[in-house]
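Presented below is the structure to which this report refers.
FYI, it's all coordinate maths here, none of it is from the lab. Keep in mind the model is a prediction, meaning the values are calculated, not measured. Neighbour counts are summed over all protein chains in view; Cβ atoms, including those assigned to glycine, are modelled from backbone coordinates with ideal geometry.
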Amino acid sequence: MLLCDDPKNPFVGAFDLSNGKELWRASRKGASEGSWGSPLIHNDGARTQVVTNGWPYVVSYDLEDGKELWRLRSGGDIPIPTPFVADGLIVVSNAHGGKSPLFAIRPSAKGDISLADGSTSNEWIVWSVPNGGSYISTPVVYGGYVYLANHNGVIRCFDFKTGIKMYEERLGKDSSCSASLVAADGKVYCPDEQGVVHVIKSGPKLEVLARNDLGEPCLATPAISQGVLYFRTAASLMAIG
């Protein structure tokens, strides 16, 4: 899959991995004027769809032929977070330009699923938060909660079943978060651009268990494999057991 939201000629396309042959291409004119997140490919047992963050619309396409399945009028005009699936729902967030929505969407959605003015849910959107999303960082769902870190150092936590906000607090006066969050072992790991990893206890109240200084700026999302945390900083790759 290739998502290319060039404002002059935005498109999404599918290509054969073995030879590079283009299988289909769908124009995104009128759907998205720009986006920076990777598309999500999701099979829910009934169909396989390609979900693309974007502005003014989040759009889903059929993987087989590129036909549009559904679209959702979004908010943030610089969509960067990658859509993902948690507990059977598609999660999409973005921010910038005064709006920062967070959506939990049923994969069976079809047509224009945009919310009516003043509404936070409908047949296809289980819940949404009009001002709870993140600008750069992709959220993480863990232990029944969704966590988001923003570029201004604010971390938010919502109950994933209801969308009710559990907390919204600033990690530190100098913190700025670009890396996406990861979670394991009852903890959420949140690196900031200043090189500090905030280790947060999973749960409905903010409890910072540790602040570990990597010594170098960190903008990349950590990786977890076989009990080891990997951090890529501005100058180093670190493995922490």
Q) Given springs between every Cα pair under 10 Å in a Gaussian network model of the chain, which of Ile164, Ile155, Ile125 has the largest fluctuation? A) Ile164
**Q.** Pairs from Lys21/Lys110; Lys29/Lys99; Lys8/Lys29 whose Cα-Cα separation, in the structure shown, is over 19 Å
**A.** Lys21/Lys110; Lys29/Lys99
Q. What does the charge dipole of segment 1-133 about its Cα centre add up to, to the nearest 20 debye, if the Cβ of each Lys and Arg holds +1 and the Cβ of each Asp and Glu holds -1?
A. 140 debye
**Q.** Packing-based exposure ordering (other Cβ within 10 Å, fewest first) of Leu115, Leu171, Leu181
**A.** Leu115, Leu171, Leu181
**Q.** Selection of GluC sites (Glu not before Pro), segment 118-197, meeting DSSP coil and at most 13 other Cβ within 10 Å
**A.** Glu123
Q: Provide the percentage of antiparallel DSSP beta bridges, counting only those with both residues in the chain; round to the nearest 5.
A: 95 percent
Q. How much length is gained on full extension from Ile164 to Glu68, taking 0.36 nm per residue of separation minus their Cα-Cα distance?
A. 31.5 nm
Q) Within segment 151-185, which trypsin sites (Lys or Arg not before Pro) sit in a loop by DSSP and count at most 16 neighbouring Cβ atoms inside 10 Å? A) Lys161, Lys173
Q: Could you point to the label whose value was computed as Rg and Dmax of the Cα atoms in Å for the structure here, given (i) 22.9, 77; (ii) 18.1, 51; (iii) 21.0, 84?
A: (ii)
Q. Using r as the Cβ-Cβ distance of Cys4 and Asn212, and R0 as 35 Å, what FRET efficiency do you calculate, to the nearest 0.05?
A. 0.40
Q: Can you pull the one-decimal nm distance between simple spin-label points at Ala46 and Asn131, each 7 Å off the Cα toward Cβ?
A: 3.5 nm
